[in-house]
Amino acid sequence: MNVATRSLEQIRADFPILQRRVRDNKPLVYLDNAATTQKPQSVIEALTRFYSHYNSNIHRGVHALSEAATEAYETARKKVQTFLNAAHSHEIIFTRGTTESINLVALSFGSRFLEDGDEVLLTQMEHHANIVPWQLLQRFKNIKIKVIPITEEGTLDLNALDTLLTEKTRLLAFTHVSNALGTVNPVKKLIRWAKENGLYVLVDGAQAVPHLPVDVQDLQVDFYVFSGHKIYGPTGIGVLYGKTELLEAMPPYQGGGDMIKRVTFEKTLFNDLPMKFEAGTPNIAGAIGLGAAIDYIQQVGYDFIQQQEQQLLDHATRLLSEIPEIKIIGTAKEKAAVVSFVCEGVHPHDIGTLLDLEGVAVRAGHHCAQPVMDFYGLSATVRASFAFYNTMEEVEYFVQALKKAIRFFKR
Ligand code: C6P
């Protein structure tokens, strides 16, 4: 056993669920990491410790538990600040997840910074979470949505940028990594282009932060959003990073407790950042769990994560390419560890169901990215998405199970 194998085994042992057996005692092969990642023991323990030791509301109490909870919640915010290299901790807003973060920006930034007739530039490969909030904004603002097209291999057609740009274009909002195709977009290049043309930029980092380090100051991005559960943290917690001057100028997204300084029936004075955007009791345990997840990722390190995931991706791509019935959807040069594919003559859901019978968890469907499916003339794909805790043996087992499923349907 070499060092790398041993350390991978140790890493896998950190995730209790990976020891589980499913479907007639088959070992679980979890390849649905783009939907949500599994949680290491340290995250589970952070949640348990919060609820068993210092569960309390934050920012309100004068008692010991409330002080401890407030301290832990604000420490988690600082961990996210360091994780993204944000200039200030008040630039980190805790939300329910990527979806809520984008809805917050669309409604709050949209109401303050966008005017009737303004244009918002999205891409063909957006998750619905970065399409529908802008359409909801259209109920209040007569904004126009324009779309950067994609090429057959699933990369953005950058040649279209200058054609799409008009003097009305205000915002570029795009995904850093496509959940349906795995494409890693040229985020720096796109932001540079946007800034040269005076646009605001929102980047959906839901599928990026699990795989690569992000530095919001280096990117010079205005808004960067992600979900805790996709980076080994709990569900129901997410992050909106925003530049101070924008967040200061934006109106609150929701009203209630904690987001105010003074309330009368005539007028309310709003709280400072970040509380202005965190109305009501937040997901305290979730934020603390996210902090623990960030600690864990930093301990594993992105060098290991990237090296391991690249090997898994290459191996899966090679093995799948050898199966004549399989067509990989999304063949960009720069990809995160996601392989989407279709199988001639078999519906993706049927493949997903037969893989499940072998203990292999994948996602089959439109992946909440129907415009991507429309581009390829598909209703769905099968998607295997890897994390650093997956093994080459699991990739091989998955491909064997897939071949068995194909044989079953060809009978
Ligand atoms: N994609 C997937 O299986 P939430 O649900 O708020 O945590 O994340 C939404 C979201 C936004 N952007 C991208 C690029 C995403 O991939 C996701 C979530 C999951 O692909 C669930 S649909």
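Read-outs: derived from the displayed coordinates by stated rules, not from any lab. Remember, predicted model here, so these are calculated numbers, not experimental data. Cβ atoms come from the backbone with ideal geometry, glycine included; neighbour counts cover every protein chain shown.
Principal axis extents for the range 326-394, Cα atoms only, whole Å, descending order, please.
In descending order, the Cα extents are 33, 30, 21 Å.
So what are the radius of gyration and Dmax for the Cα set of the range 28-123, in Å?
My reading of the Cα-based Rg and Dmax gives 18.2, 53 Å.
How about K230: which lysines have a C-alpha closer than 24 Å to its C-alpha, ignoring those fewer than 8 places off in the same chain?
Within the straight-line cut-off, K230 pairs with K39, K78, K79, K188, K243, K333, K335.
Helix check for the chain. Which DSSP H runs span at least 18 Å along their own axis by Cα, with a mean Kyte-Doolittle hydropathy no less than -1.0?
64-84, 284-300, 302-321, 392-410
What does the highest-first list of 224-231, 300-307, 70-77, 358-365 look like by mean Cβ count within 10 Å?
Sorting 224-231, 300-307, 70-77, 358-365 by mean packing, highest first, produces 224-231, 358-365, 70-77, 300-307.
Suppose we keep just the DSSP beta bridges with both residues in the chain; what percent of those would be antiparallel, to 5?
The answer is about 60 percent antiparallel.
Provide, for q = 0.11, 0.12, 0.14, 0.16 Å⁻¹, the log10 of I(q)/I(0) from a solvent-free Debye sum over equal Cα point scatterers in the range 105-241.
-0.37, -0.45, -0.62, -0.82
Please work out the Cα convex hull volume for the range 43-89 and give it in Å³ per residue.
So the per-residue Cα hull volume is 64 Å³.
Write out the GluC sites (Glu not before Pro) in the range 202-269 meeting two conditions: DSSP loop, and at most 16 other Cβ atoms within 10 Å of their Cβ.
The qualifying sites are E266.
What FRET efficiency, computed as 1/(1 + (r/R0)^6) with R0 = 51 Å and r the Cβ-Cβ distance, is obtained for E334 and Y51, rounded to the nearest 0.05?
Step by step, r from the Cβ atoms, then E = 0.80.
Arrange the peptides 308-319, 147-158 so that the one whose residues have, on average, the most other Cβ atoms within 10 Å appears first.
Going from most to least packed, we get 308-319, 147-158.
Starting from the exponent 0.38 and prefactor 2.2 Å, build the expected Rg for the range 45-298 from its residue count and divide its actual Cα Rg by it.
Output field value: 1.03.
How large is ³J(HN,Hα) for each residue in the range 385-391, as worked out from phi by the Karplus curve 6.51 cos²θ - 1.76 cosθ + 1.60 (θ = phi - 60°), to whole Hz, x for Gly and Pro?
Per-residue couplings from phi come out as 10, 9, 10, 4, 7, 6, 10 Hz.
Under 8 Å for C-alpha pairs, at least 6 residues apart: give me the relative contact order for the chain, rounded to a whole percent.
22 percent
Along the principal axes of its C-alpha atoms, what lengths does the range 267-411 span, in descending order and rounded to whole Å?
Over the range 267-411, Cα extents along the principal axes are 70, 37, 32 Å.
Between Q306 and E74, what FRET efficiency comes out of the Förster formula 1/(1 + (r/R0)^6) with R0 = 30 Å and r the beta carbon distance, rounded to 0.05?
0.45
Please work out the C-alpha center-to-center distance from the range 294-328 to the range 87-130 and express it in whole Å.
Cα centroid of the range 294-328 versus Cα centroid of the range 87-130: 30 Å apart.
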